[in-house]
Amino acid sequence: MSAVIRGGHFILGPEVKAFEQELAAYVGVDHAIGVANGTDAISIAARALGVQPGDEVIVPSFTFYATAEAIAAIGATPVFCDVDRDTRNITVDTVKPALTSKTKAIVAVDLFGMPAEISAIRDAFGIPVIEDAAQALGASLAGRKAGALGDIATFSFYPSKNLGAFGDGGAITTDDADLAELARALRFHGSRDKQSFEYVGYNSRLDEIQATVLRVLLPQIDSWCDGRRAGAQAYVDAGLGDHLQLPGSVDGAIPAWHLYVPTADDADAKLASLNAAGVQARAYYRTPLHRQPAMAPYVNRNGKAAELRVTDELARTILALPISPVFTRAQADEVVAALAAS
(Lines give C-alpha, C1' and ligand atoms only; values in the text may rest on other atoms or scores of the structure.)
Protein backbone atom coordinates (compact mmCIF):
# COMPACT_ATOMS: atom_id res chain seq x y z
CA MET A 1 0.00 0.00 0.00
CA SER A 2 2.84 2.38 0.82
CA ALA A 3 4.48 1.59 -2.52
CA VAL A 4 1.27 2.46 -4.37
CA ILE A 5 0.98 5.74 -2.50
CA ARG A 6 4.60 6.64 -3.21
CA GLY A 7 4.21 5.69 -6.87
CA GLY A 8 1.04 7.73 -7.33
CA HIS A 9 -0.60 5.26 -9.76
CA PHE A 10 -3.96 4.69 -8.10
CA ILE A 11 -6.33 3.51 -10.87
CA LEU A 12 -5.88 0.49 -13.19
CA GLY A 13 -2.20 0.18 -12.43
CA PRO A 14 0.16 -2.78 -12.15
CA GLU A 15 -1.31 -4.07 -8.89
CA VAL A 16 -4.79 -4.40 -10.39
CA LYS A 17 -3.37 -6.14 -13.46
CA ALA A 18 -1.37 -8.53 -11.28
CA PHE A 19 -4.37 -9.31 -9.07
CA GLU A 20 -6.54 -9.96 -12.11
CA GLN A 21 -3.98 -12.44 -13.40
CA GLU A 22 -3.68 -14.14 -10.01
CA LEU A 23 -7.44 -14.34 -9.51
CA ALA A 24 -7.96 -15.79 -12.99
CA ALA A 25 -5.27 -18.40 -12.34
CA TYR A 26 -6.81 -19.32 -8.99
CA VAL A 27 -10.34 -19.64 -10.36
CA GLY A 28 -9.10 -21.46 -13.46
CA VAL A 29 -10.33 -19.09 -16.17
CA ASP A 30 -8.64 -17.00 -18.83
CA HIS A 31 -9.83 -13.57 -17.75
CA ALA A 32 -10.55 -11.59 -14.58
CA ILE A 33 -11.67 -7.97 -14.61
CA GLY A 34 -11.50 -5.91 -11.43
CA VAL A 35 -14.46 -3.62 -10.77
CA ALA A 36 -15.58 -1.34 -7.97
CA ASN A 37 -17.99 -3.76 -6.24
CA GLY A 38 -19.97 -6.95 -6.67
CA THR A 39 -23.19 -5.17 -7.64
CA ASP A 40 -21.57 -3.38 -10.57
CA ALA A 41 -20.01 -6.70 -11.51
CA ILE A 42 -23.48 -8.22 -12.08
CA SER A 43 -24.72 -5.24 -14.09
CA ILE A 44 -21.61 -5.23 -16.27
CA ALA A 45 -21.68 -9.01 -16.73
CA ALA A 46 -25.32 -8.85 -17.85
CA ARG A 47 -24.57 -6.02 -20.28
CA ALA A 48 -21.61 -7.94 -21.64
CA LEU A 49 -23.98 -10.85 -22.38
CA GLY A 50 -26.19 -8.48 -24.36
CA VAL A 51 -28.98 -8.02 -21.82
CA GLN A 52 -30.91 -4.91 -22.79
CA PRO A 53 -33.83 -2.91 -21.35
CA GLY A 54 -36.98 -4.98 -21.58
CA ASP A 55 -35.18 -8.32 -21.53
CA GLU A 56 -35.95 -10.77 -18.73
CA VAL A 57 -33.31 -12.25 -16.45
CA ILE A 58 -34.20 -15.06 -14.07
CA VAL A 59 -32.90 -14.58 -10.53
CA PRO A 60 -33.53 -16.43 -7.28
CA SER A 61 -35.71 -14.61 -4.79
CA PHE A 62 -33.79 -16.04 -1.85
CA THR A 63 -30.56 -14.06 -2.03
CA PHE A 64 -29.17 -10.63 -1.22
CA TYR A 65 -31.02 -7.71 -2.79
CA ALA A 66 -28.11 -6.68 -5.04
CA THR A 67 -28.55 -9.75 -7.24
CA ALA A 68 -31.88 -8.46 -8.58
CA GLU A 69 -31.09 -4.76 -8.11
CA ALA A 70 -28.17 -5.02 -10.54
CA ILE A 71 -30.49 -6.41 -13.21
CA ALA A 72 -33.20 -3.80 -12.67
CA ALA A 73 -30.55 -1.06 -12.74
CA ILE A 74 -29.80 -1.77 -16.41
CA GLY A 75 -33.47 -1.60 -17.39
CA ALA A 76 -34.00 -5.35 -17.60
CA THR A 77 -36.71 -7.25 -15.75
CA PRO A 78 -35.71 -9.58 -12.92
CA VAL A 79 -38.01 -12.62 -12.94
CA PHE A 80 -37.98 -14.40 -9.60
CA CYS A 81 -37.72 -18.15 -9.24
CA ASP A 82 -37.76 -20.53 -6.31
CA VAL A 83 -34.81 -22.45 -4.86
CA ASP A 84 -34.08 -25.95 -3.62
CA ARG A 85 -34.95 -26.42 0.05
CA ASP A 86 -31.71 -28.20 0.99
CA THR A 87 -29.06 -26.37 -1.03
CA ARG A 88 -30.85 -22.96 -1.09
CA ASN A 89 -29.85 -22.64 -4.79
CA ILE A 90 -31.73 -22.53 -8.05
CA THR A 91 -32.04 -25.76 -10.04
CA VAL A 92 -33.34 -26.84 -13.44
CA ASP A 93 -36.72 -27.52 -11.84
CA THR A 94 -36.98 -24.12 -10.11
CA VAL A 95 -35.86 -22.17 -13.19
CA LYS A 96 -38.21 -23.83 -15.67
CA PRO A 97 -41.48 -22.17 -14.52
CA ALA A 98 -39.89 -18.72 -14.83
CA LEU A 99 -38.73 -19.09 -18.44
CA THR A 100 -40.40 -17.04 -21.18
CA SER A 101 -39.55 -16.06 -24.73
CA LYS A 102 -38.00 -12.89 -23.31
CA THR A 103 -35.50 -14.69 -21.05
CA LYS A 104 -32.04 -13.44 -21.99
CA ALA A 105 -29.97 -14.79 -19.08
CA ILE A 106 -30.14 -16.60 -15.75
CA VAL A 107 -28.37 -15.54 -12.57
CA ALA A 108 -27.34 -18.49 -10.41
CA VAL A 109 -26.17 -17.55 -6.91
CA ASP A 110 -23.74 -19.82 -5.06
CA LEU A 111 -25.64 -19.00 -1.89
CA PHE A 112 -23.80 -19.13 1.44
CA GLY A 113 -20.80 -20.60 -0.42
CA MET A 114 -22.58 -23.66 -1.88
CA PRO A 115 -21.99 -23.90 -5.66
CA ALA A 116 -25.12 -24.04 -7.76
CA GLU A 117 -25.60 -26.77 -10.37
CA ILE A 118 -24.93 -24.38 -13.22
CA SER A 119 -23.80 -26.89 -15.86
CA ALA A 120 -27.12 -28.69 -15.60
CA ILE A 121 -29.00 -25.40 -15.98
CA ARG A 122 -26.95 -24.38 -19.02
CA ASP A 123 -27.40 -27.79 -20.63
CA ALA A 124 -31.15 -27.83 -19.97
CA PHE A 125 -32.01 -24.42 -21.39
CA GLY A 126 -29.12 -23.22 -23.57
CA ILE A 127 -29.38 -19.77 -22.00
CA PRO A 128 -26.30 -17.87 -20.72
CA VAL A 129 -25.78 -18.14 -16.97
CA ILE A 130 -24.22 -15.44 -14.79
CA GLU A 131 -22.69 -17.10 -11.75
CA ASP A 132 -23.04 -14.80 -8.73
CA ALA A 133 -20.12 -16.23 -6.77
CA ALA A 134 -19.90 -13.36 -4.28
CA GLN A 135 -20.15 -15.75 -1.31
CA ALA A 136 -18.28 -18.68 -2.83
CA LEU A 137 -14.63 -17.91 -3.59
CA GLY A 138 -12.77 -21.07 -2.60
CA ALA A 139 -15.69 -23.40 -3.29
CA SER A 140 -15.76 -25.93 -6.13
CA LEU A 141 -18.12 -28.30 -7.91
CA ALA A 142 -16.98 -31.40 -9.79
CA GLY A 143 -13.41 -30.14 -9.68
CA ARG A 144 -14.14 -26.66 -11.06
CA LYS A 145 -13.84 -23.58 -8.89
CA ALA A 146 -16.68 -21.21 -8.19
CA GLY A 147 -16.26 -18.41 -10.68
CA ALA A 148 -15.62 -20.85 -13.52
CA LEU A 149 -19.04 -22.52 -13.62
CA GLY A 150 -21.09 -20.04 -15.68
CA ASP A 151 -20.62 -18.19 -18.96
CA ILE A 152 -19.46 -15.29 -16.83
CA ALA A 153 -19.14 -14.92 -13.05
CA THR A 154 -19.05 -12.14 -10.50
CA PHE A 155 -17.37 -11.65 -7.13
CA SER A 156 -17.64 -9.20 -4.28
CA PHE A 157 -14.71 -8.36 -2.04
CA TYR A 158 -16.77 -6.54 0.57
CA PRO A 159 -14.84 -6.84 3.86
CA SER A 160 -17.09 -9.55 5.33
CA LYS A 161 -16.68 -11.89 2.34
CA ASN A 162 -14.40 -14.95 2.44
CA LEU A 163 -11.86 -12.80 0.61
CA GLY A 164 -12.45 -9.25 1.78
CA ALA A 165 -10.70 -6.04 0.83
CA PHE A 166 -10.23 -3.05 3.12
CA GLY A 167 -13.28 -1.46 1.48
CA ASP A 168 -15.42 -2.19 -1.56
CA GLY A 169 -14.21 -4.21 -4.51
CA GLY A 170 -15.40 -6.73 -7.05
CA ALA A 171 -14.42 -8.78 -10.08
CA ILE A 172 -15.77 -10.53 -13.15
CA THR A 173 -14.33 -13.82 -14.40
CA THR A 174 -14.84 -15.62 -17.71
CA ASP A 175 -13.18 -17.82 -20.32
CA ASP A 176 -14.77 -15.80 -23.13
CA ALA A 177 -12.34 -13.23 -24.54
CA ASP A 178 -15.10 -11.17 -26.16
CA LEU A 179 -17.08 -10.94 -22.92
CA ALA A 180 -13.93 -9.96 -21.05
CA GLU A 181 -13.04 -7.23 -23.54
CA LEU A 182 -16.52 -5.76 -23.39
CA ALA A 183 -16.54 -5.90 -19.57
CA ARG A 184 -13.24 -4.01 -19.48
CA ALA A 185 -14.68 -1.30 -21.70
CA LEU A 186 -17.90 -1.04 -19.70
CA ARG A 187 -16.06 -0.63 -16.39
CA PHE A 188 -14.22 2.40 -17.85
CA HIS A 189 -17.01 4.62 -19.21
CA GLY A 190 -17.55 2.36 -22.22
CA SER A 191 -14.10 3.03 -23.65
CA ARG A 192 -11.34 0.68 -24.77
CA ASP A 193 -8.68 3.38 -25.20
CA LYS A 194 -9.77 6.33 -22.99
CA GLN A 195 -10.30 8.39 -26.17
CA SER A 196 -13.22 6.82 -28.02
CA PHE A 197 -16.38 5.98 -26.06
CA GLU A 198 -18.44 3.22 -27.65
CA TYR A 199 -20.95 2.59 -24.87
CA VAL A 200 -22.64 4.33 -21.98
CA GLY A 201 -20.63 2.51 -19.37
CA TYR A 202 -19.65 2.79 -15.72
CA ASN A 203 -16.99 4.37 -13.59
CA SER A 204 -16.38 1.05 -11.85
CA ARG A 205 -12.76 0.11 -11.34
CA LEU A 206 -11.03 -1.85 -8.62
CA ASP A 207 -8.56 0.65 -7.23
CA GLU A 208 -4.88 -0.02 -6.88
CA ILE A 209 -4.70 0.05 -3.08
CA GLN A 210 -7.49 -2.51 -2.73
CA ALA A 211 -5.72 -4.68 -5.29
CA THR A 212 -2.61 -4.73 -3.11
CA VAL A 213 -4.69 -5.90 -0.15
CA LEU A 214 -6.35 -8.62 -2.22
CA ARG A 215 -3.02 -9.81 -3.62
CA VAL A 216 -1.69 -10.33 -0.10
CA LEU A 217 -4.84 -12.12 1.07
CA LEU A 218 -5.67 -14.29 -1.95
CA PRO A 219 -3.01 -16.93 -1.16
CA GLN A 220 -4.75 -17.49 2.19
CA ILE A 221 -8.18 -18.29 0.75
CA ASP A 222 -7.80 -22.07 0.63
CA SER A 223 -6.64 -22.33 4.23
CA TRP A 224 -9.40 -19.98 5.33
CA CYS A 225 -12.04 -22.03 3.51
CA ASP A 226 -10.58 -25.20 5.01
CA GLY A 227 -11.11 -23.59 8.42
CA ARG A 228 -14.72 -22.79 7.55
CA ARG A 229 -15.30 -26.34 6.37
CA ALA A 230 -13.80 -27.63 9.62
CA GLY A 231 -16.18 -25.32 11.48
CA ALA A 232 -19.17 -26.73 9.61
CA GLN A 233 -18.04 -30.27 10.44
CA ALA A 234 -17.61 -29.23 14.08
CA TYR A 235 -21.29 -28.31 14.17
CA VAL A 236 -22.21 -31.73 12.79
CA ASP A 237 -19.95 -33.54 15.26
CA ALA A 238 -21.31 -31.46 18.15
CA GLY A 239 -24.84 -32.67 17.43
CA LEU A 240 -26.33 -29.53 15.94
CA GLY A 241 -28.58 -31.73 13.82
CA ASP A 242 -30.45 -32.78 16.97
CA HIS A 243 -31.77 -29.23 17.31
CA LEU A 244 -31.83 -27.73 13.80
CA GLN A 245 -32.24 -28.93 10.22
CA LEU A 246 -28.77 -28.72 8.70
CA PRO A 247 -28.13 -27.36 5.20
CA GLY A 248 -27.75 -29.90 2.43
CA SER A 249 -25.03 -30.16 -0.20
CA VAL A 250 -24.80 -30.52 -3.95
CA ASP A 251 -23.26 -33.80 -5.13
CA GLY A 252 -19.60 -33.24 -5.92
CA ALA A 253 -19.49 -29.84 -4.21
CA ILE A 254 -16.85 -28.56 -1.82
CA PRO A 255 -18.59 -25.54 -0.26
CA ALA A 256 -16.83 -22.46 1.03
CA TRP A 257 -19.34 -21.94 3.88
CA HIS A 258 -19.37 -18.17 3.76
CA LEU A 259 -22.27 -18.62 6.17
CA TYR A 260 -23.58 -21.68 7.98
CA VAL A 261 -27.34 -21.46 7.85
CA PRO A 262 -29.62 -24.23 9.19
CA THR A 263 -33.38 -23.94 9.66
CA ALA A 264 -35.95 -24.34 12.42
CA ASP A 265 -39.71 -23.91 12.52
CA ASP A 266 -39.29 -21.68 15.58
CA ALA A 267 -36.26 -19.86 14.17
CA ASP A 268 -37.00 -16.49 15.79
CA ALA A 269 -37.40 -18.05 19.23
CA LYS A 270 -34.14 -19.94 18.81
CA LEU A 271 -32.38 -16.78 17.66
CA ALA A 272 -33.58 -14.97 20.76
CA SER A 273 -32.28 -17.78 22.99
CA LEU A 274 -28.93 -17.87 21.23
CA ASN A 275 -28.49 -14.11 21.42
CA ALA A 276 -29.42 -14.16 25.11
CA ALA A 277 -26.67 -16.75 25.63
CA GLY A 278 -24.13 -14.51 23.90
CA VAL A 279 -24.13 -16.35 20.57
CA GLN A 280 -24.16 -13.92 17.65
CA ALA A 281 -26.68 -15.71 15.45
CA ARG A 282 -28.94 -13.74 13.15
CA ALA A 283 -31.71 -14.00 10.56
CA TYR A 284 -30.96 -13.75 6.85
CA TYR A 285 -33.25 -12.66 4.02
CA ARG A 286 -36.40 -12.64 6.18
CA THR A 287 -38.07 -10.63 3.41
CA PRO A 288 -37.22 -12.35 0.13
CA LEU A 289 -36.73 -10.32 -3.01
CA HIS A 290 -40.15 -10.95 -4.54
CA ARG A 291 -41.67 -9.35 -1.43
CA GLN A 292 -39.37 -6.32 -1.28
CA PRO A 293 -41.13 -2.99 -1.96
CA ALA A 294 -38.76 -1.90 -4.71
CA MET A 295 -39.24 -5.18 -6.58
CA ALA A 296 -43.04 -4.88 -6.71
CA PRO A 297 -43.07 -3.67 -10.35
CA TYR A 298 -41.28 -6.85 -11.40
CA VAL A 299 -43.51 -9.35 -9.64
CA ASN A 300 -46.18 -11.32 -11.50
CA ARG A 301 -48.11 -9.35 -14.07
CA ASN A 302 -51.33 -9.57 -12.04
CA GLY A 303 -49.68 -7.53 -9.32
CA LYS A 304 -49.60 -10.33 -6.79
CA ALA A 305 -46.49 -11.79 -5.22
CA ALA A 306 -45.12 -14.87 -6.93
CA GLU A 307 -45.86 -18.21 -5.31
CA LEU A 308 -42.36 -19.22 -4.28
CA ARG A 309 -43.17 -21.56 -1.44
CA VAL A 310 -39.69 -22.84 -0.62
CA THR A 311 -38.29 -19.31 -0.64
CA ASP A 312 -41.00 -18.12 1.73
CA GLU A 313 -40.42 -21.11 4.00
CA LEU A 314 -36.66 -20.54 4.12
CA ALA A 315 -37.13 -16.83 4.76
CA ARG A 316 -39.22 -17.70 7.81
CA THR A 317 -37.14 -20.57 9.20
CA ILE A 318 -33.51 -19.82 8.48
CA LEU A 319 -30.91 -18.71 11.02
CA ALA A 320 -27.23 -18.03 10.44
CA LEU A 321 -24.83 -19.35 13.06
CA PRO A 322 -21.31 -18.13 13.78
CA ILE A 323 -18.62 -19.56 11.49
CA SER A 324 -15.15 -18.38 10.53
CA PRO A 325 -11.76 -19.75 9.47
CA VAL A 326 -10.87 -20.19 13.16
CA PHE A 327 -14.18 -21.54 14.45
CA THR A 328 -13.52 -24.37 16.91
CA ARG A 329 -15.26 -27.50 18.16
CA ALA A 330 -15.47 -25.89 21.60
CA GLN A 331 -17.39 -22.99 20.12
CA ALA A 332 -19.69 -25.39 18.26
CA ASP A 333 -20.34 -27.16 21.58
CA GLU A 334 -21.22 -23.81 23.13
CA VAL A 335 -23.77 -23.08 20.41
CA VAL A 336 -25.33 -26.53 20.71
CA ALA A 337 -25.49 -26.22 24.50
CA ALA A 338 -27.29 -22.90 24.18
CA LEU A 339 -29.83 -24.53 21.86
CA ALA A 340 -30.27 -27.48 24.20
CA ALA A 341 -31.00 -25.12 27.08
CA SER A 342 -33.56 -23.09 25.12
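Conditions tested, residue by residue: (1) of a type in the set (K, R); (2) touching a residue at least 40 places away in the same chain (Cβ under 8 Å); (3) closer than 30 Å to Q52 by Cβ.
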site: D175; (1), (2), (3): no, yes, yes
site: A180; (1), (2), (3): no, yes, yes
site: A183; (1), (2), (3): no, yes, yes
site: H189; (1), (2), (3): no, no, yes
site: S196; (1), (2), (3): no, no, yes
site: Q210; (1), (2), (3): no, yes, no
site: V213; (1), (2), (3): no, yes, no
site: P219; (1), (2), (3): no, no, no
site: R228; (1), (2), (3): yes, yes, no
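So is I71 within 20 Å of A148 (Cα to Cα) and either assigned by TED's automatic domain parsing to the domain that holds N162 or of a type in the set (K, R) (or both) or not?
Numbers: within 20 Å of A148 (Cα to Cα): no; either assigned by TED's automatic domain parsing to the domain that holds N162 or of a type in the set (K, R) (or both): yes.
No: the conditions fail for I71.
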Of the conditions (1) crowded, with 20+ Cβ neighbours inside 10 Å; (2) within 25 Å of the chain's Cα centre (by Cα); (3) at pLDDT 95 or above; (4) more than 21 Å from S160 (Cα to Cα), the single one that D312 does not satisfy is (1)
Of the residues in the stretch 101-143, those that are over 28 Å from A165 (Cα atoms), in contact with a strand residue (DSSP E or B) (Cβ under 6 Å, 6 or more places away or on another chain) and of a type in the set (S, T, N, Q) come to T103
Does at least one position in the stretch 305-323 carry a residue that is touching a Gly at 6+ places or on another chain (Cβ under 8 Å) and either touching a residue at least 12 places away in the same chain (Cβ under 8 Å) or not acidic (D, E) (or both)? yes
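If a residue must be outside any helix (DSSP H, G or I) and under 13 Å from L339 (Cβ atoms), how many such residues does the stretch 230-262 contain? Give the steps one after another, and end with the answer.
The initial filter retains those residues of the stretch 230-262 that are outside any helix (DSSP H, G or I), namely 238-239, 243-262.
Checking the rest, the ones that are also under 13 Å from L339 (Cβ atoms) come to 238-239, 243-246, 262.
Residues that pass the stated criteria total 7.
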Of (1) more than 18 Å from I33 (Cβ to Cβ); (2) outside any loop (DSSP other than H, G, I, E, B); (3) in the same structural domain as I74 (by TED's automatic domain parsing), G227 satisfies every one except (3)
Screening A45, A136 for residues that are within 17 Å of the chain's Cα centre (by Cα), outside any helix (DSSP H, G or I) and of a type outside the set (K, R) leaves only A136
The residue from G169, G190, G147, G164 that alone is crowded, with 24+ Cβ neighbours inside 10 Å and over 12 Å from the mean Cα position of the chain (by Cα) is G169
Output for Cβ contacts, cut-off 9 Å, separation at least six or different chains, first residue in the same structural domain as T39 (by TED's automatic domain parsing) in the stretch 157-173, second of a type in the set (S, T, Y) and in a loop (DSSP other than H, G, I, E, B), reads G164/Y158; A165/Y158; G167/Y158; D168/Y158; G169/Y158; G170/Y158; G170/S204
Those residues of the stretch 158-212 that are of a type in the set (S, T, N, Q), over 16 Å from K17 (Cβ atoms) and not in a loop (DSSP other than H, G, I, E, B) come to a total of 3
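Of the residues that make up the stretch 140-147, is at least one modelled with pLDDT of 95 or more, not basic (K, R), not in a loop (DSSP other than H, G, I, E, B) and not assigned by TED's automatic domain parsing to the domain that holds Q245? Full working, then the answer.
If we filter the stretch 140-147 for residues that are modelled with pLDDT of 95 or more, which is where we start, we get 140-147.
Cutting the leftovers down to not basic (K, R) gives us 140-143, 146-147.
Those left that are additionally not in a loop (DSSP other than H, G, I, E, B): 140-141.
Retained after the next criterion (residues that are not assigned by TED's automatic domain parsing to the domain that holds Q245): 140-141.
Yes: one or more hits.
Say whether the condition of being part of a loop (DSSP other than H, G, I, E, B), in contact with a Leu (Cβ under 7 Å, 6 or more places away or on another chain) and β-branched (V, I, T) is met by at least one residue in the stretch 60-77. Explain how you work it out, then say what you get.
Restricting attention to the stretch 60-77, the residues satisfying the condition of being part of a loop (DSSP other than H, G, I, E, B) are 61-65, 73-76.
After this cut, where a residue has to be in contact with a Leu (Cβ under 7 Å, 6 or more places away or on another chain) as well, the list is 61-63, 65.
Among the residues that remain, those that are also β-branched (V, I, T) are: 63.
Looking for residues that are part of a loop (DSSP other than H, G, I, E, B), in contact with a Leu (Cβ under 7 Å, 6 or more places away or on another chain) and β-branched (V, I, T), one finds at least one in the stretch 60-77, hence yes.
The values are calculated or read from the model by the stated rules, or taken from the named source; none is laboratory data. All of these numbers come straight from a predicted model, not from anything done at the bench. Every residue, glycine among them, receives a Cβ derived from its backbone with ideal geometry; neighbour counts consider all protein chains shown.
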